[in-house]
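The values are calculated or read from the model by the stated rules, or taken from the named source; none is laboratory data. This structure is a prediction, so every number in the text was calculated from the model and none was measured. SASA here: full protein model, heavy atoms, side chains in, ligands and nucleic acids out. Shrake-Rupley method; radii C 1.70, N 1.55, O 1.52, S 1.80 Å.
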Amino acid sequence: MRCGTLEMLFALRARGVTLTELARHAGISRPHLSNATAGRFGLSPDARERLDAALLTLPARPPDLLARLV
């Protein structure tokens with residue numbers, strides 16, 4: 001599953017996963033991933049494949065019910 005930056009960010013939000021968690025799971029530094037999602041530079045094909053794999057394997061976190069009440 002290859003997805004673009006917006007699709008990746010939507011997938012993260014839907015799963016309740018942070019950029020830090022995704023970066024750690026994919027073996028990419030958080031600043032590098034943050035810069036790539038902001039469009040400052042791209043990712044190598046290898047990094048992109050690791051991100052795609054991480055998005056497919058990271059478990060969804062249940063929503064924080066208290067956060068929804070605020």
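So that you can scan it fast, the table gives a plain yes or no per residue for (1) at pLDDT 85 or above; (2) open to solvent by 70 Å² or more (accessible area, probe 1.4 Å):
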site: G4; (1), (2): no, no
site: F10; (1), (2): no, yes
site: A26; (1), (2): yes, no
site: P45; (1), (2): yes, yes
site: L51; (1), (2): yes, no
site: L58; (1), (2): no, no
site: L65; (1), (2): no, yes
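Restricted to the range 31-55, and to residues that are under 12 Å from the mean Cα position of the chain (by Cα) and charged (D, E, K, R), which residue is farthest from M8 (Cα to Cα)? Across the range 31-55, the extreme among qualifying residues is R50.
Restricting attention to the range 32-58, the residues that are outside any helix (DSSP H, G or I) and of a type outside the set (D, E, K, R) total 7.
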